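Colleague: The structure's right below; bear with me while I get my questions together.
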Amino acid sequence: MLGMTPLYLDSTIRIKGLIRLLCIGLRVLCIVEHTVREALRRKAEKLAGIYAGNPKRATARPTTEMLLKAFSGIHSVNIRQGDASWNNVSSLNAVQTRILSLLGLPVSIYQGLSRQSE
């Protein structure tokens, strides 16, 4: 599932760096998946709305890929005029809000991305 194009590295330092980066990414994916699955297990619930074309289908064992795809429709608009700047992000739907709560993250983290600075 990890789509990568072939890459040639002849420096051992760069090879080690790439391997470390991939390991960190894999650990993050595993932690997200485990956290959500464990939260669903504790509550004896299932998560619906993450299957494309079948919004009523629910699962107690979602993959991180499915969870990330649920956030694919989010857009961010940044406007700068002189010294002032405005940032606006699209609103979260119910599934996205539920995923954040299963991860133990407050929705205010996301809402904090919309701001005005001068």
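The values are calculated or read from the model by the stated rules, or taken from the named source; none is laboratory data. The model shown is predicted, which means the values in this text are computed figures rather than measured ones. Here Cβ is always computed from backbone atoms with ideal geometry, including for glycine, and neighbour counts include all displayed protein chains.
Colleague: Confirm whether Leu102 is aliphatic (A, V, I, L, M) and in contact with a Phe, Trp or Tyr (Cβ under 8 Å, 6 or more places away or on another chain).
Modeller: no
Colleague: Write out, first by first residue and then by second, each pair whose Cβ atoms fall under 8 Å of each other, whose residues are 6+ apart or on separate chains, and whose first residue, in region 43-55, is touching a residue at least 12 places away in the same chain (Cβ under 8 Å) and on the phi < 0 side of the Ramachandran plot while the second is assigned to a loop (DSSP other than H, G, I, E, B) and of a type in the set (Gly, Ala, Ser).
Modeller: Once the first residue is touching a residue at least 12 places away in the same chain (Cβ under 8 Å) and on the phi < 0 side of the Ramachandran plot and sits in region 43-55, its partners that are assigned to a loop (DSSP other than H, G, I, E, B) and of a type in the set (Gly, Ala, Ser) give Glu45/Ala60; Lys46/Ala60; Leu47/Ala60; Ile50/Ala70.
Colleague: Suppose the filter is among the basic types (Lys, Arg), under 16 Å from Ile99 (Cβ atoms) and over 15 Å from the mean Cα position of the chain (by Cα); does Arg61 pass it?
Modeller: It is true that Arg61 is among the basic types (Lys, Arg), under 16 Å from Ile99 (Cβ atoms) and over 15 Å from the mean Cα position of the chain (by Cα).
Colleague: If you don't mind, there's one more thing I want to ask. Kindly provide the set of residues from region 38-58 that are part of a helix (DSSP H, G or I) and within 21 Å of Asn93 (Cβ to Cβ), ordered by number.
Modeller: Within region 38-58, Ala39, Leu40, Lys43 meet the criteria.
Colleague: Separate question: Would you tally the residues in region 11-30 being assigned to a helix (DSSP H, G or I) and among the small types (Gly, Ala, Ser)?
Modeller: The number of residues fulfilling the criteria is 2.
Colleague: Against the conditions (1) at pLDDT below 95; (2) touching a Ser or Thr at 6+ places or on another chain (Cβ under 6 Å); (3) part of a helix (DSSP H, G or I), where does Glu33 fall short? Just the number, please.
Modeller: Just one mismatch for Glu33, condition (1).
Colleague: Okay, moving on. Among the residues of region 61-118, which ones are part of a loop (DSSP other than H, G, I, E, B), surrounded by 12 or more Cβ atoms within 10 Å (Cβ to Cβ), of a type outside the set (A, V, I, L, M, F, W, C) and modelled with pLDDT of 90 or more?
Modeller: Of everything in region 61-118, those that are part of a loop (DSSP other than H, G, I, E, B), surrounded by 12 or more Cβ atoms within 10 Å (Cβ to Cβ), of a type outside the set (A, V, I, L, M, F, W, C) and modelled with pLDDT of 90 or more turn out to be Arg61, Pro62, Thr63, Asn93.
Colleague: Scan (1) hydroxyl-bearing (Ser, Thr, Tyr); (2) closer than 21 Å to Leu92 by Cβ; (3) not in a helix (DSSP H, G or I) for the single condition Tyr8 breaks and write down its number.
Modeller: Status for Tyr8: all satisfied but (2).
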